[in-house]
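Working notes, structure below.
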Amino acid sequence: MAQSRVEDAIAAQAAARSYLATLYGLKKLKEVSFTRAWYQTGALRDVWEVEGDAVVKKGMFSKEQKHFRFQIDPVSGRVISHEM
């Protein structure tokens with residue numbers, strides 16, 4: 001997974017989607033929708049916050065919806081913190 005500088009919310013969402021694809025695999029990750037993406041400044045580090053839902057295939061016929069919230073480093077494009 002190639003990381004690069006995250007300049008805007010669309011790039012932050014792309015980094016989150018890439019992380020989810022790595023986490024679950026492309027065949028199991030069926031759908032990703034984003035509810036919010038914003039830039040958060042902090043005393044120690046600035047981050048992109050991305051929040052949304054992913055639909056993941058479980059077994060032969062079932063799917064599971066998972067809510068996620070990621071913090072993405074704007075310099076490297078890596079997910080540095082997550083809640084699922």
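The table that follows gives values for the structure above.
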{"read-out": "Residue list for the stretch 2-13, filter: surrounded by fewer than 16 Cβ atoms within 10 Å (Cβ to Cβ) and either among the small types (Gly, Ala, Ser) or in a helix (DSSP H, G or I) (or both)", "value": "Ala2, Ser4, Ile10"}
{"read-out": "Answer residue from the stretch 52-81, given it is among the charged types (D, E, K, R) and either in contact with a Lys or Arg (Cβ under 7 Å, 6 or more places away or on another chain) or in a strand (DSSP E or B) (or both) and is nearest to Ala12 (Cα to Cα) among those", "value": "Arg69"}
{"read-out": "Criterion: in contact with a helix residue (DSSP H, G or I) (Cβ under 6 Å, 6 or more places away or on another chain) and not charged (D, E, K, R) - qualifying residue of Gly52, Gly59, Gly77", "value": "Gly77"}
{"read-out": "Every pair of residues 6+ apart whose Cβ atoms lie under 6 Å, when the first sits in the stretch 64-84 and is more than 15 Å from Glu51 (Cα to Cα) while the second is part of a strand (DSSP E or B) and among the charged types (D, E, K, R)", "value": "Glu64/Lys58"}
{"read-out": "Members of the stretch 31-45 that are at pLDDT 95 or above and not hydroxyl-bearing (Ser, Thr, Tyr)", "value": "Glu31, Val32, Phe34, Arg36, Ala37, Trp38"}
{"read-out": "Residue satisfying all of: in the stretch 51-84; surrounded by 14 or more Cβ atoms within 10 Å (Cβ to Cβ) and of a type in the set (Asp, Glu); farthest from Ala21 (Cα to Cα) among these", "value": "Asp73"}
{"read-out": "Given (1) under 22 Å from Ser4 (Cβ atoms); (2) modelled with pLDDT under 95, number of the condition Leu20 does not satisfy", "value": "(2)"}
{"read-out": "Leu23, sole failed condition from (1) outside any helix (DSSP H, G or I); (2) under 18 Å from His67 (Cβ atoms)", "value": "(1)"}
{"read-out": "Residue among Trp48, Trp38 that is surrounded by fewer than 12 Cβ atoms within 10 Å (Cβ to Cβ), outside any loop (DSSP other than H, G, I, E, B) and touching a residue at least 24 places away in the same chain (Cβ under 8 Å)", "value": "Trp38"}
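The values are calculated or read from the model by the stated rules, or taken from the named source; none is laboratory data. These numbers come from a predicted model, not from an experiment. Neighbour counts are summed over all protein chains in view; Cβ atoms, including those assigned to glycine, are modelled from backbone coordinates with ideal geometry.
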